[in-house]
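Note sheet for the following structure.
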Amino acid sequence: MFTFITRFAWPPLIPVVVPVLGMKMTQAGAFMSAFYFGYIITQVPAGVLADRFGVRLILAMSLIIEGISTFAMGYVSTFDMGFWLRFITGLGAGAVYAACSRALMEWFPARERGTAFGIMLAAPSGGIVLSNYVVPLLNNLLNWRETFQIIGLATTIVGVLIFVLVRTTDAVKSSDSIVDGFKVVFGSRDLILTALAGFCLMWVELGTATWANTYIKKLGYSVQAAGLVMIFYGIGGTLAPLVSGYISDKIGQRKNILILSYILIIPLTVAFGYQTSLAMLFLLGFVFGFISYMANPHLTVMISEFAGREWAATANGTANFIFQLASLIGPVVLGWSIDITGTFTSVWLIMAAGPLLGILLLLPVRTENKRA
């Protein structure tokens, strides 16, 4: 959750900071791309290390690096400085997903993994909720610089607590070579197709989290109102993994639930982008968030089970590397479309194309080809 707070502290502040630093919207989007550029670099190495040495140290170091670099954002004075600080924040954040996935594969049997991963993957939306509530509040009470500093300090403290309190099981860590792990990962067509479908989901999730605040602000509403809409979006996204993960444990059908989510995301993305009423933005924001994040636990469980417990972190690090290529490319592409057209209409259509492609990738996946 704190990883996502540091990640999404920036979008609510875009309308505030961009005029102060004299930035363009493309540059504002590049701050998110900088984060994800650092983020994807550490995905695979962090997954390999978590499989070999466990998760506690990696998670603690990750949060501490994120916290320090976010704190330093409070001193940013140029685009270049902000870009590299966001890059370092991304480097720190890159270990979290793979390490947490490995931990849950150790701690929970197959019949409980949907619920367990659903709880963990409520954190992204929880981070969106908190960032869209806390960031505008801190900005009003203090200023944007001190907002970054407070978030950075809190994240660092969480990293220290993780080092002190988190324990892994006594399960034997991977004993085979790294090459064997990559053979398992890249030898599974089902795993790779699922990872590519995750790219398509991230395309729309990250695009919404980056640009929805600015879109709502451009409609004439305040930063606080935009943040409140995203809180509704985040609440829907927080509840969805809990519900869908539990249901999938009871009835199975993880792939079918995933495809259903993608089908529903397409019209909801376009519909959300055509709303101008604050009441409808609240309503559709909640539904949009719920349907979008309903898919998350199933992607992670399927990828983990295609690789087996022994290589779960390597598989999820590799898969998340593929996911986050959307995060690297998307914000700049969408920001460019705004600069070129002067409107947000193209943004929602470009985002809606992602889940459509994801459905085509998921159709040939065979969930029975799992290792654990």
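The values are calculated or read from the model by the stated rules, or taken from the named source; none is laboratory data. Please read all numbers here as calculations on a predicted model, not as lab measurements. Backbone-built Cβ (ideal geometry, glycine too); neighbour counts: all protein chains shown. With ligands, DNA and RNA removed, areas are computed over all heavy atoms of the protein, side chains included. Shrake-Rupley method; radii C 1.70, N 1.55, O 1.52, S 1.80 Å.
Provide a single number: the residues in the range 81-114 that are of a type in the set (Val, Ile, Thr) and surrounded by 21 or more Cβ atoms within 10 Å (Cβ to Cβ). So that I can check it myself, show each step before the final result.
Step one: filter the range 81-114 for residues of a type in the set (Val, Ile, Thr), giving 88-89, 96.
Filter once more, keeping what is surrounded by 21 or more Cβ atoms within 10 Å (Cβ to Cβ): 89, 96.
Total meeting the criteria: 2.
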So the helices (runs of 4 or more DSSP H) completely within the range 9-117 holding 3 or more residues that are at pLDDT 85 or above, of a type in the set (Val, Ile, Thr) and within 21 Å of Val135 (Cβ to Cβ) are 10-21, 56-72
Unique residue being at pLDDT 90 or above, open to solvent by 30 Å² or more (accessible area, probe 1.4 Å) and out of contact with any strand residue (DSSP E or B) (no Cβ under 7 Å at 6 or more places or on another chain) when the list is Leu153, Leu219, Leu228, Leu201:
Leu153
How about the range 274-299: which of its residues are open to solvent by less than 10 Å² (accessible area, probe 1.4 Å), under 20 Å from Gly207 (Cβ atoms) and not aromatic (Phe, Trp, Tyr)?
Leu281, Gly285, Gly289, Ser292, Ala295, Leu299
Total residues in the range 346-364, condition part of a helix (DSSP H, G or I) and either of a type in the set (Lys, Arg) or closer than 15 Å to Leu196 by Cα (or both)
10
